[in-house]
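Asks: Sharing a structure below in structure tokens format, with a few things to ask.
The values are calculated or read from the model by the stated rules, or taken from the named source; none is laboratory data. What you are looking at is a predicted structure, and each value in this text was computed from that prediction instead of being measured. As a convention, Cβ positions derive from the backbone with ideal geometry for all residues, glycine included, and neighbour counts pool all protein chains shown. Surface areas here come from the heavy atoms of the whole protein model, side chains and all, with no ligands, DNA or RNA. Shrake-Rupley method; radii C 1.70, N 1.55, O 1.52, S 1.80 Å.
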Amino acid sequence: MDEIINKTKVLMEAMPYIRKFRGKTFVIKYGGSAMVDEALKEGFAKDIVMLKYIGINPVIVHGGGPQIGEVLAKMGMESKFHKGVRITDDATMDVVEMVLAGQVNQEIVRLINRHGGKAVGYSGVDGNMIKAKKLPKEKVTFDKKVKEIIDLGRVGNVTEIDCSIITSNTSELSIPVIAPLGVSSEGEVLNINADLVAGAMAVALRAEKLILLTDVAGVLDDEGKLIHSLSHKTVKEWKEKGVISGGMIPKIKSCLDAVEKGVKSVHIIDGRVPHSILLEVFTDVGIGTVITE
């Protein structure tokens, strides 16, 4: 009987959050181990369907770096990176588009639908949803003062989001699943970082929350302990201490940009934890780092 009573306590703890977020939009960036581990993939799909049943409108933006690398390797093509960004020539772009808009996107759609959802897959190219601009060539000086021009190829940044193609559906039953591809003014398809797309999409949809699934517990302090909340002021302090550094800096910057432009909160959570989205949203403590203005 005690076990049954404890289950009701969990439901009661979730009730005020269900009431607060009903009818709101959550943009969720899906990536990392949660996209690879079979049990986590199933759990993610169930979490998304649960959000929809509760009355929240989830919008999924997914990555797919490991899957792209795997297909490239099978085709005998080398994966090249510069500062963590995949160098995407025309041949690589063909694979990126095939894997993201085809293989990965449709697998997520099938998983959600199998668990009772009504997911619909989109590429950012569909309906000119994601307009983008190609990143400029970069001049790099190496240790021996040898200068080289690095061309990332068909890699872009978001310039504009037109979400009209999905807004008519998010208020109904469907769950949009979006591949992070954009189109330039010249009609060229570009590969875009999924974190950046998710942030821009959250702003365009006036989302209540932006949730980033990662392979870390959140932002950790200099003792390796989880930082539960961040703001502009505390981000500056942690950067000065060197706690926020390297690849985390652009991720945090995109989070702060989203909050500045109207997203109520951004959550960086550990996608390796089963049902991490539900734990973050519907419990008093949460499990990750939340960033607010």
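Asks: In the range 29-116, what trypsin sites (Lys or Arg not before Pro) fall in a loop by DSSP, with at most 15 other Cβ atoms inside 10 Å?
Replies: 80, 83
Asks: Also, I was wondering about something else. Roughly how many debye, to the nearest 20, is the charge dipole of the chain about its Cα centre, given +1 on each Lys and Arg Cβ, -1 on each Asp and Glu Cβ, and no other charges?
Replies: Approximately 520 debye in magnitude.
Asks: While we're on this one: Please report the net charge: other residues with Cβ closer than 11 Å to the Cβ of residue 26, K and R +1, D and E -1.
Replies: +2
Asks: What are the residues whose amide H is under 5 Å from the amide H of residue 152, where those residues sit 5 or more places off or on another chain and H is modelled from the backbone?
Replies: 138
Asks: Separate question: Excluding same-chain residues fewer than 8 positions from residue 118, which aspartates and glutamates have a Cα within less than 14 Å of its Cα?
Replies: Partners within reach: 47, 107, 172.
Asks: Gap in Å between the Cα centre of the range 217-271 and the Cα centre of the range 166-210?
Replies: The range 166-210 and the range 217-271 have Cα centres separated by 22 Å.
Asks: Less than 11 Å Cβ to Cβ from residue 129, Lys/Arg counted +1 and Asp/Glu -1: what total charge do the surrounding residues give?
Replies: Surrounding charge for residue 129 is -2.
Asks: Using θ = phi - 60° and the Karplus relation 6.51 cos²θ - 1.76 cosθ + 1.60, list the HN-Hα couplings for the range 5-21 in order, rounded to whole Hz, with x at every Gly or Pro.
Replies: 4, 4, 5, 5, 5, 4, 5, 5, 5, 6, 4, x, 6, 4, 5, 5, 9
Asks: Non-local amide H neighbours of residue 24 (under 5 Å, H modeled in plane, Pro and chain starts lacking H): which ones?
Replies: Residues meeting the amide H criterion: 57.
Asks: Pick from 14, 200, 217: which is most flexible by mean-square fluctuation in a GNM of the chain where alpha carbon atoms under 10 Å apart are linked?
Replies: For the chain, modelled as a Gaussian network with Cα springs under 10 Å, the answer is 14.
Asks: Also: For a protection proxy built on the mean count of beta-carbon atoms within 10 angstrom, sort 178-188, 252-262 highest first, please.
Replies: Ranking, from highest mean packing down: 178-188, 252-262.
Asks: Which residue, 99, 216, 203, tops the fluctuation ranking in a GNM of the chain built on C-alpha contacts under 10 Å?
Replies: Comparing 99, 216, 203 in the GNM, the peak value goes to 216.
Asks: When the scattering of the range 14-155 is computed by the Debye formula from its Cα atoms alone, each counted once and equally, what is log10 I(q)/I(0) at q = 0.11, 0.15, 0.17 Å⁻¹?
Replies: Taken in order of the listed q values, log10 I(q)/I(0) reads -0.55, -0.88, -1.03.
Asks: Which residue, 274, 36, 135, has the largest displacement toward the positive end of the dipole of the chain when charges sit on each Cβ (Lys, Arg +1; Asp, Glu -1)?
Replies: Going by the charge dipole, the pick is 135.
Asks: Something else about it: What does the charge count near residue 116 come to, summing +1 for each Lys or Arg and -1 for each Asp or Glu among other residues with Cβ under 11 Å from its Cβ?
Replies: Combined, the nearby Lys, Arg, Asp and Glu give +4.
Asks: Would you work out what percent of the accessible area of the chain, with all protein chains in place, is carbon or sulfur (probe 1.4 Å)?
Replies: 54 percent
Asks: Further question: Using the C-alpha atoms of the range 1-56, what convex hull volume per residue, in cubic angstrom, is computed?
Replies: In the range 1-56, the Cα convex hull volume per residue is 99 Å³.
Asks: Another question, then. Let me know the charge dipole size of the range 167-292 about its Cα centre in debye, to the nearest 20, where only the beta-carbon of Lys, Arg (+1) and Asp, Glu (-1) is charged.
Replies: 240 debye
Asks: Extending each Cα 7 Å along its Cβ direction at residue 42 and residue 249, get the distance between those two points in nm, one decimal.
Replies: Output for this residue pair reads 4.3 nm.
Asks: Which links in 225/251; 29/236; 41/80; 20/253; 24/253 stretch past 21 Å when you go from one Cα to the other?
Replies: 29/236; 41/80; 20/253; 24/253
Asks: Here's a follow-up. Taking every eigenvalue of the Cα gyration tensor of the range 194-293, multiplying by 5 and rooting it, what semi-axes result, largest first, whole Å?
Replies: So the three semi-axes of the range 194-293 are 19, 17, 12 Å.
Asks: For the range 26-32, just list the computed ³J(HN,Hα) in residue order, Karplus coefficients 6.51, -1.76 and 1.60, θ = phi - 60°, integers in Hz, with x standing in for Gly and Pro.
Replies: Result, rounded to whole Hz: 10, 9, 10, 8, 9, x, x.
Asks: Then there's this: Amide H of residue 211: which non-local residues (sequence gap of 5 or more, or other chain) have their own amide H closer than 5 Å, using H built in the peptide plane?
Replies: Here 27, 28, 29, 267 satisfy the definition.
Asks: Continuing with this model, one more query. Tell me, what is the Rg over Rh of the chain, with Rh the Kirkwood radius over Cα pairs?
Replies: Reported Rg/Rh, Kirkwood definition of Rh: 0.98.
Asks: OK, next. Per-residue ellipticity at 222 nm for the chain, helices alone: DSSP H runs ≥ 4 residues times -39500 (n - 2.57), over residue total, nearest 500 deg cm²/dmol?
Replies: -11500 deg cm²/dmol
Asks: Which log10 I(q)/I(0) values does the range 223-281 give at q = 0.15, 0.17, 0.25, 0.28 Å⁻¹ under the Debye formula, counting every alpha carbon as one identical point scatterer?
Replies: -0.51, -0.66, -1.21, -1.30
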